[in-house]
Amino acid sequence: MEIFESINELRTSVRSWRREGQIIGFVPTMGNLHDGHLSLIHKARERSDRVVASIFVNPLQFGEGEDFAGYPRTEGRDRDLLVENGCDALFTPAVEELYPEGGMPVTIVEVPQLSNILCGAHRPGHFRGVATVVAKLFNLVEPDLAVFGEKDYQQLVVIRRMVEDLCFPVEIVPAVTGREADGLAMSSRNQYLTDAERSTAPVLFAELCKAVEARRSEKATQEEICRAGHAALRQAGFRPDYFEIRRASDLAEVGQGDRQLVVMAAAWLGRARLIDNIQFSLDNPSG
Ligand code: PAF
């Protein structure tokens, strides 16, 4: 695996692959890789001749008081995992390489309608940071396709919108959420959980599953279902930020004719903020 810290070296190599007609798949990450990330690498591998991953803990997407400084950084282990899982190149820039203007960009990319709702309402500026860094990374790697996990569903919708609006020639490939045996979505932040919190954490996914069933059976209104989900999380010891059902394509409020939906929740458990979601169809009981 080739490792690049500089933009010029990365571009020189990736462009030479492209000149040879190779398909470039890209997996952006913040490192501290787990099986969920590795499934993104495998998905990119299936579709590409060359797989490029990036590891960059992006300061721009962390708010004041969030865990930027303490975010787990495990580069040596991450490199080994990427090699073992067939990654061809790793881009690990320093903050100054991506943001030479004193660590902050002057130009930013924002998808306002999608960035200030749900997680964005609780993490102001977060999706602006994500969209800006992903736009930069796309301009540097120039991938044919990029793989994003469905666990960060709002991020996926924001990136899809950005790609469409700014005409990036990149196919966005979603990858299903990796889960532990008890249903908990894999996340780097799970390691903030104490043993007791870890045994409570699967309640989040369980409540999302219940909400899907309740919405399909129409035994309660959507508002009642979400209120019940919120209350059940509080009862279990979470501090929920939200528990909502939205239209899957664009996260708008659900309208009369909408059939493809997503139930999403974010909740604090101790010092971990956990997010999860389930996409579902009202037409197909198993979809
Ligand atoms: O999902 C992540 O790990 C990050 O938000 C991303 C897409 C790598 C941008 O920093």
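Yes or no, residue by residue, for (1) more than 25 Å from V173 (Cα to Cα); (2) of a type outside the set (D, E, K, R):
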residue	(1), (2)
I55	no, yes
L60	no, yes
F68	yes, yes
P93	no, yes
E101	yes, no
- Of the conditions (1) open to solvent by 10 Å² or more (accessible area, probe 1.4 Å); (2) over 18 Å from I275 (Cβ atoms), the single one that V141 does not satisfy is (1)
- Given the conditions (1) out of contact with any Phe, Trp or Tyr (no Cβ under 8 Å at 6 or more places or on another chain); (2) within 9 Å of the ligand (Cβ to nearest atom); (3) open to solvent by 10 Å² or more (accessible area, probe 1.4 Å), and given that R123 satisfies all but one, which numbered condition is not satisfied? (2)
- Cβ-Cβ under 7 Å pairs, at least 6 apart or on other chains, region 15-35 side at pLDDT 95 or above, far side of a type in the set (F, W, Y) and within 16 Å of the ligand (Cβ to nearest atom): M30/F56; M30/Y71
- Residues located in region 190-205, provided they are under 22 Å from the mean Cα position of the chain (by Cα) and surrounded by 14 or more Cβ atoms within 10 Å (Cβ to Cβ): N190, Y192, L193, R198, A201, P202, V203, L204, F205
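Let me confirm something: among R73, R50, R79, which residue is within 16 Å of the ligand (Cβ to nearest atom) and of a type in the set (K, R)?
On the way: R50 fails: within 16 Å of the ligand (Cβ to nearest atom); R79 fails: within 16 Å of the ligand (Cβ to nearest atom).
Only one candidate passes the filter, namely R73.
Restricting attention to region 38-57, and to residues there that are open to solvent by 30 Å² or more (accessible area, probe 1.4 Å) and within 14 Å of V147 (Cα to Cα), which single residue is nearest to the chain's Cα centre (by Cα)? Can you show your working first?
Step one: of region 38-57, the residues open to solvent by 30 Å² or more (accessible area, probe 1.4 Å) are 39, 42-43, 45-47, 49-50.
Filter once more, so that each one left must be within 14 Å of V147 (Cα to Cα): 39, 42-43, 45-47, 50.
Working: S39: 13, H42: 16, K43: 15, R45: 19, E46: 20, R47: 20, R50: 22 Å.
For region 38-57, the residue satisfying everything is S39.
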- Query: Yes or no: R189 of a type in the set (K, R), within 13 Å of the ligand (Cβ to nearest atom) and touching a strand residue (DSSP E or B) at 6+ places or on another chain (Cβ under 6 Å)?
  - Reply: yes
- Give the residue that is most open to solvent (accessible area, probe 1.4 Å), with candidates limited to residues of region 94-120 that are under 30 Å from R19 (Cα atoms), assigned to a helix (DSSP H, G or I) and of a type in the set (A, V, I, L, M, F, W, C). V95
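Mind checking which residues of region 7-32 are of a type in the set (A, V, I, L, M) and away from the ligand (no atom under 15 Å from the Cβ)?
To start, the set of residues in region 7-32 that are of a type in the set (A, V, I, L, M) comprises 7, 10, 14, 23-24, 27, 30.
Listed by number, the residues that qualify are I7, L10, V14, I23, I24.
Determine whether region 149-164 contains at least one residue that is part of a loop (DSSP other than H, G, I, E, B), hydroxyl-bearing (S, T, Y) and open to solvent by less than 40 Å² (accessible area, probe 1.4 Å).
First, pick out the residues of region 149-164 that are part of a loop (DSSP other than H, G, I, E, B): 150-152.
Still in the running and hydroxyl-bearing (S, T, Y): none.
No - not one qualifying residue is present in region 149-164.
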- Item | Residue that is surrounded by the most Cβ atoms within 10 Å (Cβ to Cβ), among those in region 246-287 that are more than 16 Å from the chain's Cα centre (by Cα) and of a type in the set (K, R) | R246
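The values are calculated or read from the model by the stated rules, or taken from the named source; none is laboratory data. Since this is a predicted model, take the numbers as computed values, not measurements. With ideal geometry, Cβ positions are generated from the backbone for all residues, glycine too; neighbour counts draw on all protein chains shown. For accessibility, only protein heavy atoms count, side chains too; no ligands or nucleic acids. Shrake-Rupley method; radii C 1.70, N 1.55, O 1.52, S 1.80 Å.
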